[in-house]
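Reviewing the structure listed below.
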Amino acid sequence: MTHPSLALPVLPTPPALPRSPKMGRLAAASSVGTTLEWYDFTIYNLMAALVFNAVFFPSFDPLTGTILAFSTYAVGYISRPLGGFVFGHLGDKLGRRFVLAATLMMMGVATGLIGFLPGYASWGIWSPVLLVTLRFLQGAAIGGEWAGAVLLSMEHGSQHQRGRNASFAQVGPSCGTLLGTGFITLLTLFLSPEEFQSWGWRIPFLASVVLVAFGLWLRWGVEETPVFLELEAHHEKAQAPLKEVFTHHWRRLLMAGGSRIGSDVLYALVVVFTLTYVTTVLHLSRPVALTATMLGAACNAIAVPFFGALSDRLGRRPVYIAGALLGMVWAYVFFMLMDSAQPLQICIAVVVGLIIHAMMYGPQAAFVTEQFPTRVRYAGSSLAYTLAGIVGGGFAPLIIATLFKSYGSTLAISVYVTAALCLTLVAVFVARETAKAPLEN
């Protein structure tokens, strides 16, 4: 029995602090939305390469129809700045969580409606017009979603692992590409080409509604980020986030945007144009192209967080620059392997290309968002992501297809990819290193 004089005083129990969600939940919530949204985006991209030239643009020869289909692909990038403007403003005013739910719902509705859209044979010119409209809404949703998905895990997680934590959202495109490509591959195996072109292409669009509902449920279970809540508590939110970005942070906007042009163009070459090149130019079966894309996407999904974590140790710039330099070399090796028309070498071309892409894409999320202070981080990151997306990924498939049709050679395409990667090298080289510095408040 303890002597009364030796008893310790009983202290009042401090109030329980709100617990941050576990990193596993954060990683899932951050990546699931981008996975589902890029699933939607991927099935559209694949259909543009495979059937939209016949369904919505049947009056043109196959390659011209493909170029027109890729024009609708570009519309999804042109509309991203609108999403970046609108949702970037709301993300810094109303919070990251609200915008993440709104953009995901918007993407799901637009994609589901594409699945119901009649072809040109039924509705004439209104069919491609409505396709472009829904594509516009898809792009606006992705334009507003990306920054929120990154900030959800980066602002919640450890500040010493921002590269890894931010990269969870970057896994989404690869997982969405893998999911969408796998679904379409199964359909092409079980359906005849006529059935696939007639009605089978609609199934992946309609199935996305269920996936989006799951993403909404998962994301709504994660609280608002503590960084934003602190900003809100001290009444320090930006009154006009967009104006503040363009007025005080335009140099950072240019560097952050320039950093992603090269990676977008490389991705368009390795993923989007591969389908057209393998089926239209090499005259190989669709499963060869789809299998190569799936293997590459799986490797990319694994490599992205690895290179994101590596950038925490070595810095964002060294990892990024190494990826850009290797991408320049691969822009030429890629077609050497593709032109062999051997399935194994085609798979190697795509897999290695997407691993090189991951060297830039892994550190990219942290690199872009770290350029801006907390009060305008959502708006600044969204604008950098979306405006650069037009210059990079938006017109890349269209430019690549046009270059090939004009010159009848892949050399012009390789030079174009190299030039885009040079722009990224310059942007990353002149930017400040942010890996070891605290987030700017």
### Message
When the residues of segment 233-245 are narrowed to those that are touching a residue at least 60 places away in the same chain (Cβ under 8 Å) and either in contact with a Leu (Cβ under 8 Å, 6 or more places away or on another chain) or open to solvent by 60 Å² or more (accessible area, probe 1.4 Å) (or both), which ends up nearest to Leu117 (Cα to Cα)?
### Response
Leu242
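It is to be established whether one or more residues within segment 218-226 are farther than 30 Å from Asp92 by Cα, under 24 Å from the mean Cα position of the chain (by Cα) and in contact (Cβ under 8 Å) with a residue 24 or more places away in the chain. Before the answer, list the steps.
The initial filter retains those residues of segment 218-226 that are farther than 30 Å from Asp92 by Cα, namely none.
Checked segment 218-226: no residue is farther than 30 Å from Asp92 by Cα, under 24 Å from the mean Cα position of the chain (by Cα) and in contact (Cβ under 8 Å) with a residue 24 or more places away in the chain.
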### Task
Quick one: in segment 384-415, of everything that is crowded, with 18+ Cβ neighbours inside 10 Å and over 20 Å from the mean Cα position of the chain (by Cα), which residue is farthest from Thr280 (Cα to Cα)?
Ser414
### Task
Would you be able to say whether some residue in segment 263-277 is within 30 Å of Met47 (Cβ to Cβ) and open to solvent by 20 Å² or more (accessible area, probe 1.4 Å)?
yes
### Summary
Over segment 123-152, the set of residues at pLDDT 80 or above, more than 16 Å from the chain's Cα centre (by Cα) and among the small types (Gly, Ala, Ser) is Ser127
### Query
Which one of the conditions (1) buried (at least 24 other Cβ atoms within 10 Å of the Cβ); (2) modelled with pLDDT of 85 or more does Ala48 fail to meet, given that it meets all the rest?
(2)
### Message
Take the residues in segment 278-300 that are among the small types (Gly, Ala, Ser) and under 21 Å from Phe190 (Cα atoms); name whichever of them is most open to solvent (accessible area, probe 1.4 Å).
### Response
Ser285
### Query
Which residue out of Ser198, Ser167 is surrounded by fewer than 18 Cβ atoms within 10 Å (Cβ to Cβ), part of a helix (DSSP H, G or I) and either among the hydroxyl-bearing types (Ser, Thr, Tyr) or touching a strand residue (DSSP E or B) at 6+ places or on another chain (Cβ under 6 Å) (or both)?
Ser198
### Restricting segment 82-107 to residues that are open to solvent by less than 10 Å² (accessible area, probe 1.4 Å), part of a helix (DSSP H, G or I) and not aliphatic (A, V, I, L, M), the residue that is farthest from Phe246 (Cα to Cα)
Thr103
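The values are calculated or read from the model by the stated rules, or taken from the named source; none is laboratory data. From a predicted model like this one, the values you see are computed outputs, not experimental measurements. In this analysis, Cβ positions are derived from the backbone assuming ideal geometry, glycine residues included, and neighbour counts consider all displayed protein chains. Accessible surface is based on the protein model in full, side chains and every heavy atom, while ligands, DNA and RNA are left aside. Shrake-Rupley method; radii C 1.70, N 1.55, O 1.52, S 1.80 Å.
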